[in-house]
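Q: Sharing a structure here in structure tokens format.
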Amino acid sequence: MRALRFGVDGKALVHAGDAYDAALDQRFAEPKGSTNEMRAAVTDTNLVALDQALKVEQQRRSEGPPVPPPEAPIGRVGFIMLTALLLAAILAFLRIIKLLNDQLKNGAALSREAVERALKEKLVSEEPTQAAFFGALRTGLETSDDDTVVGIPLSAGELGGRESKEQEAHRLQVFFNSVPGQIAAIRAQLAKINAAPDGVRTESLRELYRRVDVIKQKSGMSALRPVWLTTCGLEGLIQQLTTKSTNANASVLRTIAGAVDLLKALCVSGLDPALATRTPVELLVVDDNPVCLAGVSMALRKAFRKPDAAPEGFSALVLAEKKRYDVIFLDIDMPGMDGFELCTRIRNTDLNRTTPVVFVTSHSDFESRTRSALVGGDELIAKPFHSFEITVKALTLALSGRLASDAGEPLSTDKERIGYDTLAESAAPSDQSPAADPLAQAI
């Protein structure tokens with residue numbers, strides 16, 4: 001009976017039923033006069049509890065098994081919260097990546113803007129002091145139908161028309177006899193500048209200017225027009241460097257050295273006086289940056305006719321397949337087709353297979369220089385550049401190409417030769433005596 005108070009199972013119900021039956025039998029077996037015992041039996045608490053337990057169990061079975069309580073939505077809410085946190089973390093991570101990319105892009109843009117700003121400042125600052133040199137070059141490069149000499153300060157004999165062919169031949173011979181020593185002195189001076197620290201180059205550059213001017217003054221003859229043009233360009237570039245000797249970087253010194261090597265090749269008898277003017281010098285500039293494209297084109301237009309310009313590699317390749325150029329200036333970093341690939345494709349064209357290619361780029365490291373040579377590039381000019389460096393480079397490579405064409409030889413395939421011969425010259429003093437120094441004789 002006590003077991004019913006702590007729960008009802010099968011066995012408990014059997015025992016409870018037996019006890020209940022026994023109680024009923026006892027009740028109905030009492031004699032009719034025993035009302036007190038019956039009342040007590042009826043009011044027995046254990047029987048009452050048993051009766052109630054049986055009723056509860058019967059009702060429970062009639063209602064079926066108990067329905068479990070619904071699960072609390074704690075798991076679903078937690079999943080939703082976890083998903084939201086994960087999405088928030090992903091969005092934050094993407095935002096951080098975007099900020100880092102923006103910073104990198106801004107840094108690259110600032111670096112590029114600094115290069116462009118320096119380029120603009122150089123082009124503007126060069127105008128007042130360089131106008132005369134550019135003007136002389138531009139006039140000297142003009143072609144004329146009657147083969148008259150334009151822009152070159154001729155000698156008094158030529159101007160008056162009183163110089164005979166014998167006198168002109170004599171002056172040319174004197175020039176050819178003296179110019180080798182003068183060029184040797186220029187090479188020695190350039191090697192000295194190359195070995196000197198930046199802070200003490202100014203006076204050496206002025207001395208180099210004076211030595212170049214000696215050749216320029218003596219080459220004022222119609223037969224030496226290419227020589228005069230080359231010395232005029234050299235003077236303009238050197239004069240530009242004397243204003244700030246730190247501008248004489250490796251790129252500029254290579255350009256000067258290449259012009260000196262050309263000068264030696266030009267100072268020979270039998271040179272075609274119209275080498276630079278028989279046809280206009282044709283130039284192509286390729287750069288995806290509008291400022292740099294305009295800067296190189298502007299520098300070239302100061303001396304030459306307007307160059308062709310292309311904003312990317314594919315349009316430049318179309319031009320190179322239709323027109324023969326004297327020199328091509330390329331940027332390296334361009335979308336779609338970079339400068340290296342464009343140079344390789346230009347080398348496969350019929351018209352510009354041997355055309356000199358100059359990379360104008362901020363990449364001046366050894367790897368870029370090596371790769372430019374492997375794809376067929378001839379020279380590398382560092383940004384920001386000097387306008388006269390572009391001019392002298394164009395003139396040097398154009399005249400070198402025409403000289404090679406006249407000789408029936410292709411332009412030298414040794415891409416690192418131009419300019420290195422001069423820079424390799426020793427800066428040691430010449431074994432000439434002071435009296436025999438060409439500059440001293442000229443003074």
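The values are calculated or read from the model by the stated rules, or taken from the named source; none is laboratory data. Just so it is clear, the model here is predicted, and its values are computed rather than measured. Cβ placement follows ideal geometry from the backbone for every residue including glycine, while neighbour counts extend to all protein chains displayed.
Listed here are the residues, each with its yes/no results for (1) assigned by TED's automatic domain parsing to the domain that holds residue 192; (2) aliphatic (A, V, I, L, M); (3) more than 29 Å from the chain's Cα centre (by Cα); (4) at pLDDT below 90.
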residue	(1), (2), (3), (4)
207	yes, no, yes, no
212	yes, yes, yes, no
224	yes, yes, yes, no
232	yes, no, yes, no
235	yes, no, yes, no
244	yes, no, no, yes
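Q: Next question. Kindly indicate the residue of region 305-330 that is touching a helix residue (DSSP H, G or I) at 6+ places or on another chain (Cβ under 7 Å) and within 13 Å of residue 289 (Cα to Cα) and also surrounded by the most Cβ atoms within 10 Å (Cβ to Cβ) among those meeting that condition. Spell out the reasoning first.
A: The first filter runs over region 305-330 and keeps only residues touching a helix residue (DSSP H, G or I) at 6+ places or on another chain (Cβ under 7 Å), leaving 307-311, 313, 316-317, 320, 326-330.
Among the residues that remain, those that are also within 13 Å of residue 289 (Cα to Cα) are: 309-311, 313, 330.
Numbers: 309: 20, 310: 22, 311: 16, 313: 24, 330: 26.
Step by step, filter region 305-330, then rank; the result is 330.
Residue-wise test of (1) surrounded by 12 or more Cβ atoms within 10 Å (Cβ to Cβ); (2) at pLDDT 65 or above.
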position	(1), (2)
347	yes, yes
356	yes, yes
366	no, no
378	yes, yes
405	yes, yes
408	no, yes
416	yes, no
